[in-house]
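Colleague: Got a structure here, written out as C-alpha cells. Questions coming.
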Amino acid sequence: MLIQIDFNSDEAIYMQLRNQIIMGIATSRLKEGETLPSVRQLADTIGINMHTVNKAYAVLRQEGFVTIDRRKGAVISIDVDKIKAMKEMRENLMVVLAKGCCKNITREEAHALIDEIYDEYHI
C-alpha cells in the first residue's frame with residue numbers, strides 16, 4: 001500500500017491517511033477482507049506518530065470502511081448501508097457544489113467532472 005503524506009498541507013495528516021485509504025478501496029487497490037498494516041508499522045513506514053494512524057483507523061472504523069480485529073488489526077470491511085452513504089454524500093456534495101457555483105462552474109462541467117472521477121473507480 002502506497003501512502004503519500006503532504007506534510008505542508010493544511011489538511012490534517014490523519015485525514016490525508018483516511019482519504020488515501022478510501023481512494024484505495026474505491027480504485028480496488030485495497031479489497032474487502034484485506035488487512036491494513038499495523039498502527040506501528042504504518043506509522044514507521046510513513047514517518048508519523050502512531051496516534052495519528054490510530055485516529056485515522058478509528059475514523060475509518062466509525063465510517064464503516066474497516067473493522068478492527070484483535071488478531072488481524074484493521075481489515076477492509078465496507079459498510080453496505082447505502083441510505084446512510086447517500087445521506088453523507090449529499091451533505092458533502094452540497095458544500096462542494098456550492099463552492100463550484102461561487103466559482104461559476106456550470107452544471108455540465110460539474111457532471112463531466114463527476115463522470116471523470118467515477119470512471120477512475122471502476123464502478
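The values are calculated or read from the model by the stated rules, or taken from the named source; none is laboratory data. Keep in mind it's a predicted model, so treat the numbers as computed, not measured. Heads up, the Cβs are rebuilt from the backbone with ideal geometry, glycines too, and the neighbour counts pull from every protein chain shown. The accessibility values were calculated without ligands, DNA or RNA, using every heavy atom of the protein model including side chains. Shrake-Rupley method; radii C 1.70, N 1.55, O 1.52, S 1.80 Å.
Colleague: Tell me which chymotrypsin sites (Phe, Trp or Tyr not before Pro) from region 1-99 have a DSSP coil assignment and no more than 16 other beta carbons within 10 Å of their own.
Modeller: Counting only loop positions with at most 16 other Cβ atoms within 10 Å, the chymotrypsin sites (Phe, Trp or Tyr not before Pro) in region 1-99 are F7.
Colleague: Another question, if that's okay. So how exposed is I22, as accessible area in Å² (1.4 Å probe, rounded to 10)?
Modeller: Probe radius 1.4 Å; accessible area of I22 about 40 Å².
Colleague: Could you list the trypsin sites (Lys or Arg not before Pro) in region 67-123 that lie in coil according to DSSP, counting only those with at most 16 other Cβ atoms within 10 Å of their Cβ? Could the numbers behind the result be given before it?
Modeller: On the way: sites: R70, R71, K72, K82, K84, K87, R90, K99, K103, R107; in loops: R70, R71, K72, K103.
Of the trypsin sites (Lys or Arg not before Pro), the ones in loops of region 67-123 whose Cβ has at most 16 other Cβ atoms within 10 Å are R70, R71, K72, K103.
Colleague: Counting helices only, and only those DSSP H runs with n ≥ 4, report the 222 nm mean residue ellipticity of the chain as the sum of -39,500 (n - 2.57) divided by its residues, in deg cm²/dmol to the nearest 500.
Modeller: -18500 deg cm²/dmol
Colleague: V96: accessible area at probe 1.4 Å, nearest 10 Å²?
Modeller: 90 Å²
Colleague: Follow-up question, since we're still on this one. If the limit is 30 Å between Cα atoms, which of K31/K84; K31/K87; K31/K55 go over it?
Modeller: Cα-Cα > 30 Å for no pair; all within.
Colleague: Something else: Could you check how much of the accessible area of the chain is carbon and sulfur, as a whole percent, using a 1.4 Å probe?
Modeller: 54 percent
Colleague: Place a +1 charge on the Cβ of each Lys and Arg in the chain and a -1 charge on the Cβ of each Asp and Glu, then give the dipole magnitude about the Cα centre in debye, rounded to the nearest 20.
Modeller: Charge dipole, the chain, about its Cα centre: 560 debye, nearest 20.
Colleague: Mind checking the alpha-carbon convex hull of the chain and giving the volume per residue in Å³? Each step should come with its number before you reach the end.
Modeller: Numbers: hull volume 15.1 nm³, N = 123.
Residue-normalised Cα hull volume stands at 123 Å³.
Colleague: Among L60, L2, what's the order by accessible area (1.4 angstrom probe), most exposed first? Walk me through the numbers before you get to the answer.
Modeller: On the way: L60 0, L2 140 Å².
My answer, sorted largest first, is L2, L60.
Colleague: Still on this structure: Compute the accessible area per residue over the chain, keeping the other protein chains in place, probe 1.4 Å, unit Å².
Modeller: For the chain, the solvent-accessible area averages 76 Å² per residue.
Colleague: If you don't mind, there's one more thing I want to ask. Remind me, relative contact order of the chain in percent, using alpha carbon pairs under 8 angstrom and six or more residues apart?
Modeller: Reported relative contact order: 23 percent.
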